[in-house]
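Remarks on the structure that follows.
The values are calculated or read from the model by the stated rules, or taken from the named source; none is laboratory data. No experiment lies behind these values; they were computed from the predicted model shown. Ideal geometry is used to build each Cβ from the backbone, glycine not excepted, and the neighbour counts take in all protein chains shown. Surface areas here come from the heavy atoms of the whole protein model, side chains and all, with no ligands, DNA or RNA. Shrake-Rupley method; radii C 1.70, N 1.55, O 1.52, S 1.80 Å.
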Amino acid sequence: MGAYGANGDTGEGAGAPGQVAMVFDLNKCMGCQTCSVACKVLWTREEGEDHQWWMSVNTQPGLGTPKGWEEMGGGWLDGQPVPGHQPGRAEFGGGWDFNYQEVFYGGTGSSTHLRPIDHGDGNTGWGMNWDEDQGGGEYPNSYYFYLPRLCNHCTHPVCVTACPSGAMYKRHEDGVVLRDESACQGARFCMEACPYKKIYFNYARNVAQHCIMCFPRLEVEVAPACARQCPGRLVFVGSADDDESPIHKLVHQWEVALPLHPEFGTGPNIFYVPPLSPSRLHEDLSIDEETPRIPPEYLESLFGPKVHAALDTMRRELARVRAGGQSELLDTLIVYHWSDLFGRYTTDPATLDRSPGRVPVRFGRSPGTPTTG
Amino acid sequence: MGSLTAPEVGEEALDPDAGAWDSIPSEGVPLVPVPIEAQLNAYVRAAWTGRDYGRSGPVELALARCGGRLLARLSWDGSAVPPGEFTDAAGLLLPREPGTASPVTMGTHAEPVSLWQWRDRLASQQGLPSAKYLVSTGPGVFRPVPAGGEVSARSSRAGARWSVVLAGPAEALATGSVGVAVWDGANAERAGIGAVCATWVEVTP
Ligand code: SF4
Ligand code: SF4
């Protein structure tokens with residue numbers, strides 16, 4: 001087997017013409033989890049989905065969700081898929097049942113407190129946001145920031161390659177990576193292969209599930225729920241190929257928006273503006289103007305070596321504005337009006353005809369979708 | 001390998017422990033690992049090359065007919081390890097055309113085979129069907145039959161030994177041969193990673 005692309009291994013849509021992309025400006029994320037909850041209430045409220053958070057926000061540095069995901073392998077190396085670990089129920093954790101009965105009606109008074117019930121599958125020892133706000137560094141130079149994560153709808157989706165039953169595919173029209181759940185046999189090779197560990201398993205239904213980028217919303221030009229609900233106005237949605245879009249400018253023109261773990265080789269279409277940070281303090285608590293609180297080498301471990309130039313660009317633009325100048329980059333990141341975030345995806349979902357059967361689905365699975373089989 | 005018959009039996013034979021099976025001749029079917037070179041999926045090849053799998057078997061196989069249904073009783077030593085992420089599974093392979101090549105690849109794109117697959121269910125999976133009627137065109141390349149393929153299964157376990165009766169439409173035996181496959185859940189076997197018979201078992205009409 002040669003490099004990816006041979007045998008249709010990466011799915012039909014590698015380099016989809018209208019690839020939808022997103023940019024998260026981490027300088028504005030406050031870790032409120034509104035995006036996570038917006039997704040949760042929209043998509044993962046059914047049986048077997050309790051522990052699923054297609055959108056999740058973790059404190060960095062941290063073990064994240066699933067626990068220790070960055071060390072679980074997967075992705076591509078030199079055009080070959082890299083074996084990975086399939087995160088299990090205990091590594092995701094969450095989806096808890098609580099001992100309400102015992103606490104409220106058990107007659108044990110204040111000697112019992114509310115806690116998740118251990119069903120023996122190890123899920124009570126971790127959760128989606130378990131290490132919130134722990135962060136890293138030592139006082140007085142402790143630091144943390146928030147990292148919202150979802151499926152990257154990758155240009156070379158190794159999950160699609162790994163699916164033996166041909167259930168996973170990348171949509172030609174917009175590059176969204178989807179799964180035909182009726183074809184999914186629950187083999188979970190996709191979960192092993194995805195280096196971002198953003199695929200969940202529905203044990204009750206024996207199918208894997210992951211973020212669908214709110215494709216029914218995209219089809220009627222409504223931004224995905226995580227983006228639209230974000231009170232920080234930091235999530236851009238659009239095409240990276242449209243020269244006029246903020247996404248194109250942030251990713252390609254100014255090169256301040258970078259993929260997470262580019263070394264995983266899957267070509268993410270979710271990008272991040274890395275966080276600037278205040279200066280470090282010396283031991284005598286005087287300010288070390290030269291050194292940012294968040295270690296640049298840590299940011300490089302997340303976003304690759306281009307992070308240094310991205311941070312330099314942002315600092316240069318900040319200095320320009322502080323000196324009384326103008327910066328199109330900063331104006332773009334400030335987002336003076338919410339609709340500036342979403343390109344053509346600005347339709348108000350409240351205006352849609354929601355009568356049963358009225359939600360149009362424009363793009364089906366294209367005929368002749370290649371599979372790995 | 002010898003050949004089997006499929007005598008007419010009563011409904012009670014849907015139970016793998018039914019006495020009806022005692023008088024039906026069975027055949028010990030040896031299994032081999034589905035070859036790693038036959039795996040069509042670059043990820044599966046990368047992840048499983050050099051790993052041990054497909055050691056299950058032999059499967060004691062007996063067939064019967066009940067009304068319009070074909071019944072297949074498979075019995076084999078499963079793993080003593082309790083199920084983790086993956087559960088034990090077994091399947092009956094049925095060529096869809098006469099002259100189909102060896103079942104060792106679980107069919108090919110040119111020569112699809114039917115797969116009646118039983119899978120042990122976790123406590124949280126009791127709402128799922130006990131078996132599926134699939135079409136297989138290669139190792140793990142399984143697709144559900146759109147309609148009309150009703151397959152059911154009942155299983156029992158004595159120690160580590162599984163006994164499973166799969167029941168489905170008797171027309172599926174039209175080519176007169178069958179094969180079997182077993183997946184060891186404790187070894188994370190699933191899809192094309194499992195044990196399969198290398199030759200078809202002939203069924204005497
Ligand atoms: S992030 Fe993972 S699941 Fe999503 S497209 Fe990329 S490889 Fe597939
Ligand atoms: S809703 Fe916005 S600000 Fe809140 S956690 Fe999500 S991305 Fe960050």
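Which percent of the accessible heavy-atom area of segment A:90-196 goes to carbon and sulfur, probe 1.4 angstrom?
51
So if I restrict to the alpha-carbon atoms in segment B:123-197, what is the Rg, and what is Dmax, the biggest pairwise distance, in Å?
Just the Cα atoms of segment B:123-197 yield Rg and Dmax of 13.6, 38 Å.
When a/c reaches 1.5 or more, the comparison of a/b and b/c decides; with that in mind, is segment A:53-195 rounded, prolate or oblate per its Cα gyration tensor?
oblate
What order do you get for A:66-77, A:277-288 when each peptide is scored by the mean count of other beta carbon atoms within 10 Å, highest first?
A:66-77, A:277-288
Can you give the accessible area buried between chains B and A, summed over both chains, with a 1.4 Å probe, in Å² to the nearest 100?
2300
What Kirkwood hydrodynamic radius do you get for chain A when you take the inverse of the mean 1/r over all pairs of distinct Cα atoms, in Å?
22.0
Quick one: what Rg and Dmax do you get for segment B:1-60 from the alpha carbons, in Å?
When restricted to Cα atoms, segment B:1-60 yields Rg and Dmax of 17.7, 47 Å.
Could you give each residue of segment A:163-179 its phi-based ³J(HN,Hα) in whole Hz, using Karplus coefficients 6.51, -1.76, 1.60 with θ = phi - 60°, and x for Gly or Pro?
Along segment A:163-179, the couplings run 7, x, 8, x, 6, 9, 7, 10, 5, 4, 5, 9, x, 6, 8, 10, 9 Hz.
Would you be so kind as to identify which of B:Ala181, A:Ala223, B:Val34 lies farthest towards the positive end of the dipole of the protein assembly as shown, taking Lys and Arg as +1 and Asp and Glu as -1 on Cβ and the Cα centre as origin?
So the residue furthest toward the plus end is A:Ala223.
Once the other residues with Cβ under 10 Å from the Cβ of A:Arg89 are scored (Lys, Arg +1; Asp, Glu -1), what is the net sum?
That works out to -3.
Can you work out ³J(HN,Hα) from phi for every residue in segment B:175-187, in order, using Karplus 6.51 cos²θ - 1.76 cosθ + 1.60 and θ = phi - 60°, giving whole Hz and x for Gly and Pro?
My calculation for segment B:175-187 gives 7, x, 9, 9, x, 9, 9, 9, 10, 8, x, 5, 9 Hz in order.
So what is the 222 nm mean residue ellipticity for chain B from helices alone, if each DSSP H run of at least 4 adds -39500 (n - 2.57) and you divide by all residues, rounding to the nearest 500 deg cm²/dmol?
Numbers: 1 runs with 7 residues, N = 205.
The helix contribution divided over chain B gives -1000 deg cm²/dmol.
With +1 on each Lys and Arg Cβ and -1 on each Asp and Glu Cβ, and nothing else charged, work out how big the dipole of segment B:123-205 is about its Cα centre, in Debye to the nearest 20.
Value, rounded to 20: 240 debye.
For every helix of n ≥ 4 consecutive DSSP H residues, a contribution of -39,500 (n - 2.57) applies; sum these over chain A, divide by its total residues, and give [θ] at 222 nm rounded to the nearest 500 deg cm²/dmol.
It lands at -4500 deg cm²/dmol.
For A:Arg149, enumerate residues with amide H under 5 Å from its amide H, sequence gap 5+ or separate chain, H modeled in the peptide plane.
Here A:Ser56, A:Val57, A:Asn58 satisfy the definition.
When all alpha-carbon pairs of segment B:3-203 are counted, what percent fall beyond 26 Å?
That fraction is 26 percent.
Measure off, as a whole percent, the carbon and sulfur share of the 1.4 Å-probe accessible area of segment B:37-112, all protein chains present.
Numbers: 1720 of 3120 Å².
It is 55 percent, rounded to a whole number.
Shielding of A:161-169 by partners, i.e. mean partner chain Cβ atoms within 10 Å per residue?
5
Under 5 Å between amide hydrogens, which residues at least 5 positions from A:Arg280 or on another chain qualify, with H placed 1.01 Å from N in the peptide plane?
A:Asp288, A:Thr291, A:Arg293
Through the Karplus equation 6.51 cos²θ - 1.76 cosθ + 1.60, θ set to phi - 60°, convert the phi angles of segment A:223-230 into ³J(HN,Hα) values in whole Hz; use x for Gly and Pro.
Rounded to whole hertz, the list is 5, x, 4, 4, 6, 5, 7, 4.
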